[in-house]
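Nothing in this text is a laboratory measurement; each read-out follows from the coordinates by a stated rule. Just so you know, these numbers come straight off a predicted model, no measurement behind them. FYI the Cβ positions are ideal-geometry reconstructions off the backbone, even for glycines, and counts take in every protein chain you see.
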Amino acid sequence: MKFLQYSVLPFLLVVVILSLSGATLAHSHGDFLLCLSLHLANSSTISKVIYMRNNPSYSSVLNASIQNTRFSTPATPKPLAIITPLKTSHIQSTIYCSKKHGLQRRIRSGGHDFEGLSYVSEVPFVILDLLNFRAVKVDTKNKVAWVQSGATLGELYYGIAAKTKTLAFPAGICPTVGIGGHFSGGGYGILIRKYGLAADHIIDAQLIDANGRILNRKSMGEDLFWAIRGGGGNTFGIVLAWKIKLVPVPAVVTVFTVNKNLEQNVTKILHRWQYIAHKLPDDLYVDVGITKVSSSQAGKKTVQVAFIALFLGGVDELIPLVQERFPELGLAKENCSEMSWAESVLYFGRAPRKSLDILLDKNVIPRTIFKAKSDYVKEPIPESGIEGFLSMFLEKEADFAAMLMVPFGGKMEEIPENELPYPHRAGNLFQASYIVGWRKEENAESGKYISWIRRFYSYMATYVSKSPREAYFNYRDLDIGSNNISGYTSYQQASIWGFKYFKNNFKRLVQVKTTVDPMNFFRNEQSIPPLSSP
Ligand code: FDA
């Protein structure tokens, strides 16, 4: 790859960049910034692309997409600079200069990484933020779309809904999640039973590799194309854009919510759900959300289990189906609403009946402080086991805790485990995830909340997958293992977390990494390592 060349060294730029970088910067940092500004070679571009710590906009650009504010405290390590490229050559220049001057980079699309790995590092680093790469081009005739990594799921859904009510895309529930990280790690949502993952519907991509080359599916080859569809972000390169296949949905779908609590026989109903939800017709998705709520008895708390569903059809077809297959739920017509698929995304995002414009609002989901974990369940949990975890929600540390149970079966049962890096397919009844939050003013006591979720996770060990205890890559959890912060990480060490996320696909991911990025240029605490030390 031939990097952008600069023939003239504009003296003015040198003065600008050195004054902006501040006299206290370490030598290599200053050299990096100088290198980058010379490559950008235009002072008006520099001010739109490089945000250094003394730039008045630095904090707002940094915080703009931090979803987990656990990683937005004064103690959180901050980047030397945030680079917001306007065009591909700016990304190539950042790769070139950070490589030349030995700086780590964090790649950020939507900033929803559970452990903040797209904007935090313990070693000196810069952030490459793709916030300007957010185009969505929908082609309804061919039922495909190109979407850039910096766009959000909401922007993609909005782009589809603006053109048609009968096409959709099977990706995540939360509209503020970024395309770049989400697609890189698999990506599931309410169409999972009908269509599988977001990654299952990617048909091409544009990627910049560690040498600055721009590759597409054909030029990157099928191994690398396989790896980027679920093998995790910040390992194989920077994915700029994805070509996706859209899927058909009816113009009218139906949603419902049925809430049950401890006083309403919920343990038995939840127990039954485990036998039913993964075997329902693919058009019906019924997930479970568990939280602590106020009880009808004054001053008391109870645990609420919400059964929330999407049906790809009308209410008149849905009611008899649920009454036959899951009578324990007691579904009534008044629990149900008909709407378009895009509106159902708002419903699941807890913004029902609002204008679809809300899909474009990057702040629609409140920023919170949290720690989360995930599991896969292959055998129904006995009633005694369910009682045990429901009772943990009554503990005081669980005021802002939740558990989500996502039914599998359907398409997930049909796709082989090694089709893509995401391996959790046939044989899973559901994916379970746990989250605990706390208030900002409780940050000093965060340890007790993190202990709670670790205890909860220990409790669940009896009932979930074993050897390995599987986990979902996109629900990143550094508790399950991590690479060395600096220096080489061996295959054995990375296997500790790698097999949990990827099972045997981890081996192929390591082979691809060794071929395409043997120097381990793209790395973080849970990136796939090459086989030998660079
Ligand atoms: P972010 O920008 O933080 O990136 C995540 C990782 O990918 C980082 O390692 C980053 O370096 C890397 N990366 C980002 N862009 C890249 C690019 N262009 N090229 C290469 N690497 C890149 N998941 C799910 O499957 N279904 C769901 O419904 C939800 N819902 C949900 C709600 C909320 C509130 C949160 C916080 C998270 C979810 N998730 C989810 C999890 C989500 O899929 C996961 O956190 C994604 O990695 C987020 O992608 P972002 O681009 O937003 O993250």
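Sequence neighbours fewer than 8 away in the same chain don't count; with that in mind, list the lysines whose C-alpha is under 23 Å from Lys137.
Lys137 reaches Lys87, Lys163, Lys165, Lys218, Lys243, Lys245, Lys362.
I'd like the trypsin sites (Lys or Arg not before Pro) in segment 387-488 restricted to DSSP loop residues with at most 12 other Cβ atoms within 10 Å, sorted by number.
When the trypsin sites (Lys or Arg not before Pro) of segment 387-488 are filtered for loop state and at most 12 Cβ neighbours within 10 Å, Arg439, Lys466 remain.
Output the 0 to 90 degree angle, nearest 10, between the alpha-carbon long axis of helix 88-100 and the longest principal axis computed from the alpha carbons of the chain.
With rounding to tens, the tilt is 70 degrees.
What angle do you read, to the nearest 10 degrees and between 0 and 90, between the alpha-carbon axis of helix 217-228 and the longest principal axis of the chain?
That works out to roughly 50 degrees.
Assign unit charges at the C-beta atoms only (+1 for Lys and Arg, -1 for Asp and Glu), then state the dipole size of segment 421-483 relative to its Cα centre in Debye, rounded to the nearest 20.
Dipole about the Cα centre, nearest 20: 140 debye.
Relative to the longest principal axis of the C-alpha atoms of the chain, give the angle of the C-alpha long axis of helix 505-516, reported between 0 and 90° and rounded to the nearest 10°.
So the helix axis and the longest Cα principal axis differ by about 20 degrees.
Which is farthest toward the positive dipole end of segment 168-270 among Ala251, Phe236, Ile208, measuring Cα position about the Cα centre, with Cβ charges +1 (Lys, Arg) and -1 (Asp, Glu)?
Ala251
Quick one: putting +1 on the C-beta of Lys and Arg, -1 on the C-beta of Asp and Glu, what dipole do you get for segment 350-406 around its Cα centre, in Debye to the nearest 20?
Roughly 420 debye, rounded to the nearest 20.
What is the local net charge at Pro380, summed over the other residues whose Cβ is closer than 13 Å to its Cβ (Lys, Arg +1; Asp, Glu -1)?
+2
If you average the sequence gap of Cα pairs under 8 Å that are 6 or more apart and divide by the length of the chain, what percent do you get for the contact order?
Normalised by residue count, the contact order of the chain is 14 percent.
Enter the Cα centre distance for the pair segment 155-213 and segment 258-307, rounded to the nearest angstrom.
Cα centres, segment 155-213 to segment 258-307: 29 Å.
Quote the relative contact order of segment 136-248 in percent (integer), defining contacts as alpha-carbon pairs under 8 Å separated by 6+ residues.
That works out to 32 percent.
Name the residue farthest towards the positive end of the dipole of the chain from the options Leu329, Met412, Leu359, assuming +1 on Cβ of Lys and Arg, -1 on Cβ of Asp and Glu, about the Cα centre.
Going by the Cα projections, it comes out as Leu359.
Charges on Cβ only, +1 for Lys and Arg, -1 for Asp and Glu, centred on the Cα centroid of the chain; of His271, Ala64, Ala199, which one is farthest towards the dipole's positive end?
It is Ala64.
Compute the distance in nm between two label points, each set 7 Å from the Cα along the Cα-to-Cβ direction, one at Arg367 and one at Trp146.
Placing both labels 7 Å beyond Cα along the Cβ direction yields 3.3 nm.
Take every DSSP beta bridge with both residues inside the chain and express the antiparallel ones as a percent of the total, to the nearest 5. Show your work: numbers first, answer last.
Working: 66 of 75 bridges.
Just about 90 percent of them are antiparallel.
Mind checking segment 82-156 for GluC sites (Glu not before Pro) that DSSP puts in a loop (not H, G, I, E or B) and that have at most 11 other Cβ atoms within 10 Å?
Listed in order of number, the matching sites are Glu122.
What dipole magnitude, in Debye to the nearest 20, does the chain give about its Cα centre under +1 on Lys/Arg Cβ and -1 on Asp/Glu Cβ?
Charge dipole, the chain, about its Cα centre: 980 debye, nearest 20.
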